[in-house]
Amino acid sequence: LRTSMATIRPAAPTPEGLGAALDDACARARAAGLATTVRVPDAVDASPAALLAVVRFVREAVWNVVKHAEATRVDVTVTPAGGSVRVVVHDDGAGFDPAVVVE
């Protein structure tokens with residue numbers, strides 16, 4: 001039960017532990033056969049709430065890659081951006097055409 005609860009609502013990572021938290025967020029992707037790379041600076045200047053939001057965002061984005069992209073790899077890069085944090089999740093999957101509207 002504790003493991004399930006930690007997955008649903010993980011503790012906020014420390015700025016120094018963000019890389020490990022994001023690596024853990026990519027665990028399901030690796031289990032599904034995707035190669036993953038996580039790039040995070042040694043320490044990120046952000047609040048605990050912001051760091052937790054980053055982990056949740058990455059977990060959801062990477063899982064969407066697993067479910068929909070037909071990708072073989074996913075890369076996560078975090079960089080400081082003028083007092084905030086920039087997160088890029090990039091995959092080599094099929095993608096989609098944003099001009100096409102599915103109704």
| If you check THR72, THR36, which single one turns out to be hydroxyl-bearing (Ser, Thr, Tyr) and in contact with a Cys (Cβ under 9 Å, 6 or more places away or on another chain)? | THR36
| Just checking, which of ALA53, ALA71, ALA43 is open to solvent by 40 Å² or more (accessible area, probe 1.4 Å), in contact with an Asp or Glu (Cβ under 6 Å, 6 or more places away or on another chain) and not polar (S, T, N, Q)? | ALA43
| Candidates GLY33, GLY95, GLY83 - the one that is free of Cβ contacts under 8 Å to residues at least 40 places away in the same chain, touching an Asp or Glu at 6+ places or on another chain (Cβ under 9 Å) and either within 17 Å of GLY17 (Cβ to Cβ) or small (Gly, Ala, Ser) (or both) | GLY83
| Yes/no for ALA61 being in contact with a helix residue (DSSP H, G or I) (Cβ under 8 Å, 6 or more places away or on another chain), open to solvent by less than 40 Å² (accessible area, probe 1.4 Å) and either modelled with pLDDT under 95 or not charged (D, E, K, R) (or both) | no
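The values are calculated or read from the model by the stated rules, or taken from the named source; none is laboratory data. All of these numbers come straight from a predicted model, not from anything done at the bench. Positions of Cβ are generated from backbone atoms using ideal geometry, with glycine treated the same way; all protein chains shown enter the neighbour counts. Areas reflect the complete protein model, heavy atoms only, side chains present, ligands, DNA and RNA absent. Shrake-Rupley method; radii C 1.70, N 1.55, O 1.52, S 1.80 Å.
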